[in-house]
Amino acid sequence: RLVSGGTLWLVATPIGNLGDLAPRAVAVLSAAALVCCEDTRRTGRLLQHAGVRAQRLAVANEHTELSRIAEVLDVLAAGDDVAVVTDAGTPGISDPGERLVRAALDAGFDVSAVPGPSADVMALVLSGLPTSRYVFEGFLPRSGRDRSARLAEIAAERRTVVLYEAPHRIRRTLDDLRESCGDDRRAAVARELTKLHEEVLRGTLAEIAAAIGEPRGEYVVVLEGTTTGDEPADDDAIRAALRAELAEGATKKEAVASVASALGTPKKRVYALAIAL
Ligand code: SAM
């Protein structure tokens, strides 16, 4: 770390509700010598709302992020801080930021963040689907083999999957997901998060596709991981496990308890098979 260098700050901004701008975001944006943003007018409005007079604004969007690196490193080298914001949410998540972070780290500068809104995490936690293991897939490739290969990967994924989608593509993406994952795969589709008309549709892919209505706003799709391969043990497997337990000297009651827990099968079902043995 360069002791005298400034810090590169990734600053999360609201995804729809200005009340979500953190006090620490305001402090960091006020203190930064340079604020990199995707759109100066949009960020200008946010700063104005927050009463921040930024020292300098510069555009770092998906096309210009790389060419902004030299200037950012110069500011950091002078001992001043640089803030990175995007149009909405957390920089670096399907948004510019990653390349500036890499460059600052490679040059030995400190990188930190003011965490805050991100549509992916919000949709995930509202989905009602398992949150203990999930993968963020961002936007799907738009067409061709890249898209079909990604859809196939997603269909086979066991963890919960989070996708971003634009309003004009949400129907097609739901159709493609139905085709690759099946109509019955459970999912949630969230839109207008943190806004007045926030909505989360939950159900199977077929149910959501039927309920979605006129696409409006930006969408997050949360998809349950596949459970193929998790099917309950069949009767033969249960009987074999029971016989093995009984042969070891377990009582019927002990064998039922141990097999039910080992195979993740309801005790009632194991008991019925034990009686019939
Ligand atoms: N960096 C952002 C974040 O942390 O969420 C994401 C930026 S990405 C370019 C924009 C996508 O995020 C949208 O197409 C949509 O999928 C999702 N998104 C952003 N704001 C949203 C909101 N209020 N409701 C639902 N989805 C949103």
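Rule-based calculations on the coordinates, nothing more; no lab input. All values derive from a computational prediction rather than experimental measurement. Note: ideal-geometry Cβ built from the backbone for every residue, glycine included; neighbour counts use all protein chains shown.
Side notes on the structure shown:
- Using a Förster distance of 35 Å, the FRET efficiency for E214-L66 (Cβ separation, nearest 0.05): 0.40
- V135 long-range amide H proximity, modeled H, under 5 Å: T160, V161, V162
- Top of G182, G213, G249 by mean-square fluctuation, Gaussian network on the chain, Cα under 10 Å: G249
- A straight Cα-to-Cα reach below 27 Å connects K268 with the lysines K252, K253, residues fewer than 8 places away in its own chain not being considered.
- With viscosity 1.002 mPa s and temperature 20 °C, the Kirkwood radius over alpha carbon pairs of region 181-261 converts through Stokes-Einstein to a diffusion coefficient of 131 µm²/s.
- Rh by Kirkwood over Cα pairs, then Stokes-Einstein D for the chain at 1.306 mPa s and 10 °C, µm²/s: 72
- GNM result for the chain, Cα springs below 10 Å: residue of E245, E218, E192 fluctuating most strongly: E245
- Taking region 76-173 and dividing mean pair separation by its residue count, relative contact order in percent (alpha carbons under 8 Å, at least six apart): 23
- Rounded to 5, percent antiparallel among DSSP beta bridges of the chain: 45
- Translational D in µm²/s for region 1-129 (Stokes-Einstein at 25 °C, 0.890 mPa s, Kirkwood Rh from C-alpha pairs): 168
- For region 98-155, the Kirkwood hydrodynamic radius comes to 14.7 Å, computed from all pairs of different C-alpha atoms.
- Cα shape, region 45-96, gyration tensor, a/c 1.5 rule: oblate
- About the centre of its Cα atoms, the chain shows a dipole size close to 400 debye [charges on the beta carbon of Lys, Arg (+1) and Asp, Glu (-1) only; nearest 20 debye].
- Backbone geometry of region 98-115 corresponds, through the Karplus equation with coefficients 6.51, -1.76 and 1.60 at θ = phi - 60°, to 3J(HN,Hα) couplings of 4, 6, 5, 4, 4, 5, 5, 5, 4, 8, x, 8, 6, 10, 9, 8, 9, x Hz, x marking Gly and Pro.
- Helix axis angle, 65-77 relative to the chain longest principal axis, alpha carbon, degrees: 70
- Inter-part distance where region 150-220 and region 83-126 are each reduced to a Cα centre, Å: 24
- Between the Cα long axis of helix 144-156 and the first principal axis of the chain there is an angle of about 50°, rounded to the nearest 10.
- Relative contact order (%) - the chain, alpha-carbon pairs under 8 angstrom, separation at least six: 17
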